[in-house]
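Written below as structure tokens is the structure these notes are about.
The values are calculated or read from the model by the stated rules, or taken from the named source; none is laboratory data. Here the structure is a predicted model, which means the values were calculated and not measured. In this analysis, Cβ positions are derived from the backbone assuming ideal geometry, glycine residues included, and neighbour counts consider all displayed protein chains.
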Amino acid sequence: MSFEWEWFPKLAEGLPLTLQITFSCIAIGIVLGVLLALGRVYGHRILRGICIVYIQFFRGTPLLVQLFIVYNGFPNLGITLTALQSGILALGLNTAAYQAEYFRGAIQAVRGGQMLAARSLGMSLPQAIRYAILPQAFRLVLPAWSNEFILMLKYSSIVFTVTLLDLMGKAKRLAARDSRSFEIFLVAALYYLVLVFIVSTLLRLLEKRVRIPGLGAPSQHR
Amino acid sequence: MLLRVEDIHKRYGKEEVLCGVSFGMMKGETKVIIGPSGTGKSTLLRCINRLTPADQGRVWLEEEEITHTRTNINKIRAQIGFVFQSFNLFAHLTALGNVRIGPMKVKRMKKDDATRLAREELDRVGLADKADAYPAELSGGQQQRVSIARALAMFPKLILFDEPTSALDPELIGEVLEVMVSLAKEGMTMLVVTHEMGFARAVADEIIFMENGVIVEQGTPTQMFTNAKHQRTGEFLNKISELYGETG
Ligand SMILES: Nc1ncnc2c1ncn2[C@@H]1O[C@H](COP(=O)(O)OP(=O)(O)O)[C@@H](O)[C@H]1O
Ligand SMILES: [Mg+2]
């Protein structure tokens, strides 16, 4: 087993794309995930039903199939997206479903009296959600949500299947050129490991920063 | 009349929890509601500000009918303080944040003004030095005093108290009652569910005895303690005097 120094910068060229996809899909996931969770908890029957169907669909089918539906399937509907757009959209829609479930759990874990107190002050339901419920739910959800973030960092590697040259895409191409799969994918693994370490450290710092006495369990990072 | 409650009915499933409750309150009055557990006292308070919708009956705050479906209930609730048995302070906000948030978000008061007001109200309940503490860092008595300050910062026309000292260790009850007594003496209109008869004797204009969803009897503390018309009233007063003593 021997390593070529040139692999390291070559693979590193894929890092920006890996990070771009991960952060973009996480951002979509937060916004859509919070809306889905609110719809499930506070929505009336029809809205709740729509949210449940969405969540079940994206949690009940493989991420890869979802990616192919967007990238290969949408053009049949007249919607043509670039590979990058497809990757971000598919991963974003997928993580939204998982994040929705985490957010829902956290919203429901906020003590019932908090909503009563907010409403008794004269807050409307949206105000009560915004000023009393969500700030607590966000803190409660952080450990689970951090895990989801890290999962998406790793799952982003499937976008190589739609021709994108992220970290995994670069590794795949290099492995085909040099016929040294074992070592090259080991280098790719090392890069992912370092990324995961950095991201989880940052998330732990964030958790520490926003922690409030008496709110939420101590950090439960893996 | 400041508050008028007329023939309120409420049922949960088959059980009728409130079976036609009526009473009124003048500005500046303090009324105490007593009665066995499960009698519908909390439900009555919640029907007044529509935290729970009543099935039947009407409630007015001055000229405005609270129970009318077209009434802007948020506007009404902003004028009625509610103090909970379990405090329900916002866990993610400091004492100051808890008191300030109503004026800021509901009344759209500027942050500086709301902060100044919140400090004044915290001072009024003797907690100026705890402004930056989170609820989890305060004792039960302190939390309840913050929740009273939170209600006061809205300049309510009326404050509803639902057993404000029942969740407190005995040694912390006094500090909360002290605040409530001084509020009553300052002329705040207060409707208080409590079994603290010392408080009732000291400041209540009237005691309302409820049982099984109806008002059995109401009268001044002197009337109720010395010659209750109903046997049940006398029995109940004796029982709670034994159980709770005469603190406050
Ligand atoms: N949300 C609810 N759902 C069903 N039953 C309830 C609910 N709230 C109160 N009850 C019932 O109504 C009755 C009166 O309750 P409550 O008003 O809390 O009494 P009190 O405050 O006098 O102890 C009790 O039997 C209680 O079980
Ligand atoms: Mg009660």
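Some observations on this one:
- Of the residues making up region B:30-40, those that are near ligand 1 (Cβ under 8 Å from one of its atoms) and either buried (at least 23 other Cβ atoms within 10 Å of the Cβ) or assigned to a strand (DSSP E or B) (or both) are B:Gly35, B:Gly40.
- When residues of region B:1-60 are limited to those that are among the basic types (Lys, Arg) and in contact with a helix residue (DSSP H, G or I) (Cβ under 9 Å, 6 or more places away or on another chain), the one farthest from ligand 2 (Cβ to nearest atom): B:Arg50
- If you go through region B:154-206 and pick out every residue that is closer than 21 Å to B:Trp60 by Cα and either away from ligand 1 (no atom under 15 Å from the Cβ) or among the acidic types (Asp, Glu) (or both), you end up with 13.
Results for (1) under 19 Å from A:Leu89 (Cβ atoms); (2) part of a loop (DSSP other than H, G, I, E, B); (3) touching a strand residue (DSSP E or B) at 6+ places or on another chain (Cβ under 6 Å), shown as yes or no for each residue.
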residue	(1), (2), (3)
A:Phe3	no, yes, no
A:Phe8	no, no, no
A:Leu19	yes, no, no
A:Ala27	yes, no, no
A:Ala37	no, no, no
A:Arg48	no, no, no
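- One residue from B:Glu186, B:Glu217, B:Glu211, B:Glu235 being touching a residue at least 60 places away in the same chain (Cβ under 8 Å) and either crowded, with 21+ Cβ neighbours inside 10 Å or over 23 Å from B:Ser86 (Cβ atoms) (or both): B:Glu211
- Residue within region A:190-212 that is farther than 30 Å from A:Met1 by Cβ, in contact (Cβ under 8 Å) with a residue 12 or more places away in the chain and in a loop (DSSP other than H, G, I, E, B) present: yes
- Residue tally, condition within 14 Å of ligand 1 (Cβ to nearest atom), surrounded by 15 or more Cβ atoms within 10 Å (Cβ to Cβ) and within 14 Å of another protein chain (Cβ to nearest Cβ), over region B:51-72: 2
- Residues of region A:163-185 that turn out to be crowded, with 19+ Cβ neighbours inside 10 Å and of a type in the set (Val, Ile, Thr), as a count: 1
- Search result, residues across region B:78-132 that are hydroxyl-bearing (Ser, Thr, Tyr) and within 16 Å of ligand 1 (Cβ to nearest atom): B:Ser86
- Condition met for B:Lys27 (under 28 Å from B:Ser166 (Cα atoms), within 16 Å of ligand 1 (Cβ to nearest atom) and charged (D, E, K, R)): no
- Filter result (of a type in the set (Lys, Arg) and either more than 8 Å from ligand 1 (Cβ to nearest atom) or at pLDDT below 95 (or both)) within region B:41-50: B:Arg50
- Filter result for the condition that a residue is of a type outside the set (D, E, K, R) and more than 12 Å from chain B (Cβ to nearest Cβ), over A:Ala132, A:Ala109, A:Ala175, A:Ala137: A:Ala175
- Test: residue in region A:46-63 that is under 15 Å from A:Leu164 (Cβ atoms) and touching a residue at least 60 places away in the same chain (Cβ under 8 Å): yes
- For beta carbons closer than 6 Å, sequence separation of 6+ or different chains, a first residue in region B:73-98 that is more than 7 Å from chain A (Cβ to nearest Cβ) and a second that is of a type in the set (D, E, K, R), the qualifying pairs are B:Ile73/B:Arg50; B:Gln79/B:Lys157; B:Gln85/B:Asp162; B:Gln85/B:Glu163; B:Thr94/B:Asp132; B:Ala95/B:Lys130; B:Asn98/B:Arg150.
- Residue check for B:Gly35: touching a strand residue (DSSP E or B) at 6+ places or on another chain (Cβ under 6 Å), within 26 Å of B:Gly141 (Cβ to Cβ) and away from chain A (no Cβ under 12 Å): yes
- Residue satisfying condition, being of a type outside the set (Phe, Trp, Tyr) and touching a residue at least 60 places away in the same chain (Cβ under 8 Å), within set A:Leu116, A:Leu153: A:Leu153
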